[in-house]
Amino acid sequence: MQETNGADHTAKRGQGRSGGERRSPGSVIRSLQLLERLSRAGRGLTLTELSHDIDSPKSTTLKLLRTLQGERFVTYNQRLKIYMLGPTATVLAQRILASPGIRSICRPYLERLAEVSTEDAYLGVKEDGYIVYIDKVEGRQSVRLDIALGTKRYLHSSAVGKLFLADMVEESVRSAVEEGGWRAVTANTLTDPEALREELERIRREGVSISRGENIEGITAIAAPIREGVGTVVAGISVSGPTSRLNDSLESLIDLVRGTAETISADLLQADAGKFSDGGS
């Protein structure tokens, strides 16, 4: 069976639930396996690759994918003929991460980060094309920027947002930015695609993102990614303050933020390993 064309991949939201259609436990498990495989791949996968990975005929795999498309758990790239995780899967993941679980893991590290840096420390996650701050610890500085929990920032203009963009394949970056709005927040915001591409390459190399007045004039933010077991960025931590003050200790703050994020990521990996340590054969 050949890969089907784009017309076959146009699925309507809600498809698969109408007409009293019933799903067997096997199909539910295979659907979850598809989502898990796509999340681990870090890139899109073809129908052939997915059917092989879950040991299922192409015809069966295609039906499952169409159902997942209908609910936007999966999207299909017609040009590359690959399937990728869709917006519903992303939102679900971020809502899970926004639960008290990740906040409770990160909280003591945020407190230490704020204490050592003396700057405000933040925890942010991606939701609906934006960054949302879900926890913060205030620093000791008298001159500081007070960002309320729940505040949204554009992906391309915020230090934490650029972490998520750097974790995406190049084809997904533009659509992710356009979802929230590709606009100049300040005169320093990166709105040129080539300039943003170069910035994301630097973030991938160095493991840290810096916003130099790109979101708020005169404010610098330094962020580093929190990764789950397979390496996907699931959140970001950052410190921010007046550019004039942070410039004096920029390199030490970069090392501090990056090291803190790496420690949190290691804790998440250990926590994940503990969940499944009793499930092996």
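Candidates Leu200, Leu92, Leu165: the one that is more than 22 Å from Leu38 (Cα to Cα) and assigned to a helix (DSSP H, G or I) is Leu200. Of all residues in region 131-162, those that are under 20 Å from Val185 (Cβ atoms), in a loop (DSSP other than H, G, I, E, B) and hydroxyl-bearing (Ser, Thr, Tyr) total 3. Pick from Leu38, Leu62: which is part of a helix (DSSP H, G or I), at pLDDT below 90 and either of a type in the set (A, V, I, L, M) or touching a strand residue (DSSP E or B) at 6+ places or on another chain (Cβ under 7 Å) (or both)? Just a single option satisfies the conditions, and that option is Leu38. Looking only at residues in region 203-238 that are of a type outside the set (A, V, I, L, M, F, W, C) and in a strand (DSSP E or B), the one that is modelled with the lowest pLDDT is Arg227.
All of Arg144, Arg153, Arg174 fail the test of being farther than 20 Å from Ala223 by Cβ, in the same structural domain as Ala261 (by TED's automatic domain parsing) and surrounded by 14 or more Cβ atoms within 10 Å (Cβ to Cβ), apart from Arg174.
So that you can scan it fast, the table gives a plain yes or no per residue for (1) farther than 12 Å from Val160 by Cβ; (2) touching a residue at least 40 places away in the same chain (Cβ under 8 Å):
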residue: Ser209; (1), (2): no, yes
residue: Gly218; (1), (2): yes, no
residue: Pro242; (1), (2): yes, yes
residue: Arg245; (1), (2): yes, yes
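When restricted to residues that are touching a Ser or Thr at 6+ places or on another chain (Cβ under 8 Å) and surrounded by fewer than 14 Cβ atoms within 10 Å (Cβ to Cβ), region 36-62 contains 2.
Checked against the criterion of being at pLDDT below 80, touching a helix residue (DSSP H, G or I) at 6+ places or on another chain (Cβ under 6 Å) and closer than 26 Å to Leu68 by Cα, region 113-129 has at least one qualifying residue.
The residues of region 198-214 that are crowded, with 24+ Cβ neighbours inside 10 Å and more than 17 Å from the chain's Cα centre (by Cα), listed by number, are Ser211, Glu214.
Taking the conditions exactly as written (assigned to a loop (DSSP other than H, G, I, E, B) and surrounded by fewer than 13 Cβ atoms within 10 Å (Cβ to Cβ)), does Val185 satisfy them or not? Criteria not met by Val185. Taking each residue of region 123-134 that is in the same structural domain as Leu113 (by TED's automatic domain parsing) and surrounded by fewer than 24 Cβ atoms within 10 Å (Cβ to Cβ) and looking for partners that are among the basic types (Lys, Arg) and assigned to a strand (DSSP E or B) with beta-carbon atoms closer than 7 Å, six or more apart or interchain, yields Tyr130/Lys152; Tyr130/Arg153; Val132/Lys152.
Could you tell me whether region 267-280 includes any residue that is modelled with pLDDT of 95 or more and either of a type in the set (A, V, I, L, M) or in contact with a strand residue (DSSP E or B) (Cβ under 6 Å, 6 or more places away or on another chain) (or both)? No, the conditions are met nowhere in region 267-280. The lone criterion from (1) β-branched (Val, Ile, Thr); (2) free of Cβ contacts under 8 Å to residues at least 24 places away in the same chain; (3) farther than 23 Å from Thr232 by Cα left unmet by Thr75 is number (3).
The values are calculated or read from the model by the stated rules, or taken from the named source; none is laboratory data. Note that the structure is predicted; figures quoted are calculated from it, not measured. No Cβ is skipped: glycine too gets one built from the backbone with ideal geometry, and neighbour counts run over all protein chains shown.
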